[in-house]
């Protein structure tokens, strides 16, 4: 069995029945972390949407990570924050969120950005996109060799992201991804079935 784990990212729409869907997904198999990712709403509205999801994660011992916003992560007492390249400074995020917070950084396909993030104290780096994705516009394409290079060099975990499905993820696991970040592959259909499908591939390692 591989050491690779699932890192689940929310769809942009998390109101309505989504809390029930999240609970169903998390109950279907092992998920290490859940990233709360919404766009274009103010922090008060985001916090209201986040709180029930955070509780669902806490009940299942799943890390709750906020995308982009250090201030929202602090407000919620989240387990961590994921920073894009334009979302702020790792040292500042660490100062505001504390030493126990998980701080992840998007590094696209750049060895340089990943090394910088590691030296600045990131808890994980995210590489991608490995495959075409409908979740967001991507300017960068990445090959599994980047994961192999990182694992040979660094202790800090790496996350693979971008168009990952149960059908295409095996090479990323083999290359050394510590986490597979998945979104559309889970939320576009039956979330429980998708989590179980990923779990079956991860179990093969």
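Give segment 90-100 a look and list any residue that's touching a helix residue (DSSP H, G or I) at 6+ places or on another chain (Cβ under 6 Å) and surrounded by fewer than 20 Cβ atoms within 10 Å (Cβ to Cβ), or say none.
Passing the criteria: only 96.
Quick one: residue 112 ticks every box in (1) free of Cβ contacts under 8 Å to residues at least 40 places away in the same chain; (2) crowded, with 20+ Cβ neighbours inside 10 Å except a single one, so which number is it?
That leaves (2) as the condition not met.
Counting only residues that are more than 16 Å from the chain's Cα centre (by Cα) and not in a helix (DSSP H, G or I), how many does segment 51-75 have?
Of the residues in segment 51-75, 1 are more than 16 Å from the chain's Cα centre (by Cα) and not in a helix (DSSP H, G or I).
Answer with yes or no whether residue 148 is in a loop (DSSP other than H, G, I, E, B), without any contact (Cβ under 8 Å) to a residue 40 or more places away in the chain and over 28 Å from residue 14 (Cα atoms).
Values: in a loop (DSSP other than H, G, I, E, B): no; without any contact (Cβ under 8 Å) to a residue 40 or more places away in the chain: yes; over 28 Å from residue 14 (Cα atoms): yes.
Considered against the rule, which asks whether it is in a loop (DSSP other than H, G, I, E, B), without any contact (Cβ under 8 Å) to a residue 40 or more places away in the chain and over 28 Å from residue 14 (Cα atoms), residue 148 comes out as no.
In segment 3-17, which residues are touching a helix residue (DSSP H, G or I) at 6+ places or on another chain (Cβ under 8 Å) and either without any contact (Cβ under 8 Å) to a residue 40 or more places away in the chain or in a helix (DSSP H, G or I) (or both)? Spell out the reasoning first.
As a first pass, look at segment 3-17 and keep what is touching a helix residue (DSSP H, G or I) at 6+ places or on another chain (Cβ under 8 Å): 4-6, 8, 10-11, 14-15.
Within segment 3-17, 14, 15 meet the criteria.
Scan segment 159-171 residue by residue and report those that are surrounded by fewer than 24 Cβ atoms within 10 Å (Cβ to Cβ) and not in a loop (DSSP other than H, G, I, E, B).
170, 171
What about residue 117, is it part of a loop (DSSP other than H, G, I, E, B), surrounded by 14 or more Cβ atoms within 10 Å (Cβ to Cβ) and in contact with a strand residue (DSSP E or B) (Cβ under 6 Å, 6 or more places away or on another chain)?
Working: part of a loop (DSSP other than H, G, I, E, B): no; surrounded by 14 or more Cβ atoms within 10 Å (Cβ to Cβ): yes; in contact with a strand residue (DSSP E or B) (Cβ under 6 Å, 6 or more places away or on another chain): yes.
Judged against the criteria, residue 117 is not a match.
Residues checked against (1) surrounded by fewer than 22 Cβ atoms within 10 Å (Cβ to Cβ); (2) touching a strand residue (DSSP E or B) at 6+ places or on another chain (Cβ under 6 Å):
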| residue | (1), (2) |
| --- | --- |
| 28 | yes, no |
| 36 | no, yes |
| 40 | yes, no |
| 57 | no, yes |
| 65 | no, yes |
| 68 | yes, no |
| 81 | no, yes |
| 102 | yes, yes |
| 107 | no, yes |
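Any chance segment 16-26 includes a residue that's within 27 Å of residue 142 (Cβ to Cβ), surrounded by 13 or more Cβ atoms within 10 Å (Cβ to Cβ) and over 14 Å from the mean Cα position of the chain (by Cα)? Don't jump to the end; show me each part of the working.
Within segment 16-26, the subset within 27 Å of residue 142 (Cβ to Cβ) is 25.
If we keep only those that are surrounded by 13 or more Cβ atoms within 10 Å (Cβ to Cβ) too, we end up with 25.
Keeping just the survivors that are over 14 Å from the mean Cα position of the chain (by Cα) gives 25.
Yes, segment 16-26 has at least one match.
Evaluate segment 179-190: report whether one residue or more is outside any helix (DSSP H, G or I), touching a helix residue (DSSP H, G or I) at 6+ places or on another chain (Cβ under 8 Å) and surrounded by 24 or more Cβ atoms within 10 Å (Cβ to Cβ). It would help to see each step written out before you state the result.
Restricting attention to segment 179-190, the residues satisfying the condition of being outside any helix (DSSP H, G or I) are 179-183, 188-190.
Among the residues that remain, those that are also touching a helix residue (DSSP H, G or I) at 6+ places or on another chain (Cβ under 8 Å) are: 180, 182.
In the following step, the residues that additionally are surrounded by 24 or more Cβ atoms within 10 Å (Cβ to Cβ) were identified as 180, 182.
The answer is yes, given that some residue of segment 179-190 is outside any helix (DSSP H, G or I), touching a helix residue (DSSP H, G or I) at 6+ places or on another chain (Cβ under 8 Å) and surrounded by 24 or more Cβ atoms within 10 Å (Cβ to Cβ).
If you check 20, 87, which single one turns out to be free of Cβ contacts under 8 Å to residues at least 40 places away in the same chain and part of a loop (DSSP other than H, G, I, E, B)? Show your work before the answer.
Numbers: 20 fails: part of a loop (DSSP other than H, G, I, E, B).
Result of the check over 20, 87: 87.
Counting only residues that are part of a helix (DSSP H, G or I) and touching a helix residue (DSSP H, G or I) at 6+ places or on another chain (Cβ under 7 Å), which one in segment 27-50 is farthest from residue 185 (Cα to Cα)? Don't jump to the end; show me each part of the working.
So in segment 27-50, the residues part of a helix (DSSP H, G or I) come out as 27-28, 43-50.
From what is left, the residues that are touching a helix residue (DSSP H, G or I) at 6+ places or on another chain (Cβ under 7 Å) are 28, 43, 46-47, 50.
Working: 28: 15, 43: 27, 46: 24, 47: 25, 50: 21 Å.
Result: 43.
Since every read-out is calculated from the coordinates, none of them should be taken as a lab result. Predicted model only: the values in this text are computed from it and were never measured. Note that we place each Cβ from the backbone using ideal geometry, even for glycine, and neighbour counts take in every protein chain shown.
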